[in-house]
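Trainee: Sharing a structure below in structure tokens format, with a few things to ask.
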Amino acid sequence: MDNLIVHNLIVHELKKQPEMAEAELILSKEPLPITEDSIELIARLDQIFERKNDLLQGFLSEPDESLFPAYYQQWLMEGRDRSHFITFSNDTMKVLRQSLQGVIGAKGGYLLYADYTMEEQRMLGIYLIRETPGMLFVNDEESEALKLTTTQYLDVDHMAMAVRLLSGRGRTVQMIRHARTQSSISQYFTDWVGLDRPETSAELTHTFLEMVEELPVPKDKETGYAMNEGEFEKALVKYAAKQPQQTIRVKEFDEFFYGNEKPLQDMLAESDGSLDEGFRVDKRSLRKQFYLRAGFGGLSITCTKDHFRSGQIEVDEATGKITIISDELASLLLDQKGE
């Protein structure tokens, strides 16, 4: 947690039953102390966010279009200090309560507001956390033995909804929301934040990969010679995995692969520029673009598109036969098969 700094922290409770239309607020007047426990909590919440593949991403609405962005912008202009942080969280919670009134099926919970810096990226995280029943063993002083008892604990591993607002320009809103089957319920959350032009990480990654296919293959930095397609694909997957917050920024991408040239920026300038300020990549979609995996009847195979290009794997569509040309793989299988 050396790369995590927690600046401000506060929690409020929103009481609402799914079958009821009314919602009630219990607002905190003081921030949460920044202790080892609270820092550990934010670290866990941020990691859960990082592990999510298909986030909803977008821009924050203009302050004159939605109340949450207006209060957020005001807090930023006031210097993100603690007293204004409390006011900002209270004001936006009142807006949330109003948004939730009459939404049948929606439940309340604890809204944790966290102003923190992770890997030099300042952000505001708002996490909707609920309690869940659990059991634990405790000492029974009378019998001098362990006994089983029930308890309630914060279900941190299954966040209902959450949003992160990254400092800076562009597509700064990242959101976790209910499954798509409950999108009508979770819509109040996206409306509350003021999410503009939402797209999923998978959609943005697909758009990015379509554009990359049109780019010239870059040169290898060590040899100075052009990479082949397979080398470029592997380098691209590796590059995406190492980016802070898993975010690919167009300018940095061009600089890394093409030096002083800027082919992706030029391409975006001629199109609608949907990737403009960068996006959170969906690693699962990225891998699926280059790595193939199939299994049936107890047989399975994992390979890359480069194996097809090099002729190591051939598929006869007419007969359904798959041919794998690899002395090393054949030897490994024969060694295991034995006599």
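Please treat every number below as a calculation from the coordinates, not as lab data. The structure presented is a predicted model; accordingly, all values stated were derived computationally and were not measured. Here the Cβ is made from the backbone with ideal geometry for all residues, glycine too, and neighbour counts use every protein chain on show.
Trainee: Name the aspartates and glutamates eligible as straight-distance cross-link partners of K221: C-alpha to C-alpha under 19 Å, and not fewer than 8 places from it in the same chain.
Mentor: Those aspartates and glutamates meeting the cut-off are E229, E231, E233, E252, D254, E255, E261.
Trainee: Mind checking the dipole of region 293-337: about its Cα centre, +1 per Lys or Arg Cβ, -1 per Asp or Glu Cβ, Debye to the nearest 20? Write out the running numbers ahead of the final one.
Mentor: Numbers: 5 positive and 7 negative charges, 35 e Å.
Here the size comes out at about 160 debye.
Trainee: Moving on. Ranked by Cβ crowding within 10 angstrom, fewest neighbours first, how are F59, F189 ordered? Mind dumping the intermediate values first?
Mentor: Details: F59 18, F189 25.
Least to most surrounded, the residues fall as F59, F189.
Trainee: Next up: Here is the link list: K52/K107; K107/K288; K219/K242. Which ones come out longer than 30 Å on Cα distance?
Mentor: As for pairs spanning more than 30 Å Cα to Cα, those are K107/K288.
Trainee: Which three semi-axes in whole Å describe the equivalent ellipsoid of region 110-222, each the square root of 5 times a Cα gyration tensor eigenvalue, listed largest first?
Mentor: The equivalent ellipsoid of region 110-222 has semi-axes of 42, 20, 16 Å.
Trainee: With an 8 Å Cα cut-off and a minimum separation of 6 or more residues, compute the relative contact order for region 97-221 in percent.
Mentor: Working: 147 pairs, mean separation 23.1, N = 125.
Averaging sequence separation for qualifying contacts and normalising by length gives 18 percent for region 97-221.
Trainee: Normalised by the residues of the chain, what does the relative contact order come to in percent, with Cα pairs under 8 Å and at least six apart? Kindly include the intermediate steps, with their values, before the conclusion.
Mentor: On the way: 513 pairs, mean separation 56.0, N = 339.
17 percent.
Trainee: Quick one: divide the alpha-carbon radius of gyration of region 4-193 by 2.2 N^0.38 Å and tell me what you get. Don't jump to the answer; show the numbers that get you there.
Mentor: Numbers: Rg = 17.9 Å, N = 190, 2.2 N^0.38 = 16.2 Å.
It is 1.11.
Trainee: Follow-up question, since we're still on this one. With a cut-off of 20 Å, note down the residues of region 202-240 whose backbone N falls inside the zone around a label point 7 Å from the Cα of E270 toward its beta carbon.
Mentor: Label zone hits: 207-219.
Trainee: Can I ask one more? Expressed as a whole percent, how much of the Cα-Cα distance distribution for the chain exceeds 38 Å?
Mentor: Working: 19579 of 57291 pairs.
Summing the P(r) tail past 38 Å for the chain gives 34 percent.
Trainee: At a Förster radius of 35 Å, what calculated FRET efficiency corresponds to the Cβ-Cβ distance of R309 and V156, to the nearest 0.05?
Mentor: For R0 = 35 Å, the calculated efficiency reads 0.20.
Trainee: Here is a further query. Under 10 Å, Cα contacts only: if you run a Gaussian network model on the chain, which one of F85, F308, F137 comes out with the highest mean-square fluctuation?
Mentor: Result for the chain, Cα springs under 10 Å: F137 fluctuates most.
Trainee: Only Cα pairs under 8 Å and at least 6 apart count here; give the relative contact order of region 293-337 as a rounded whole percent.
Mentor: Value for region 293-337: 20 percent.
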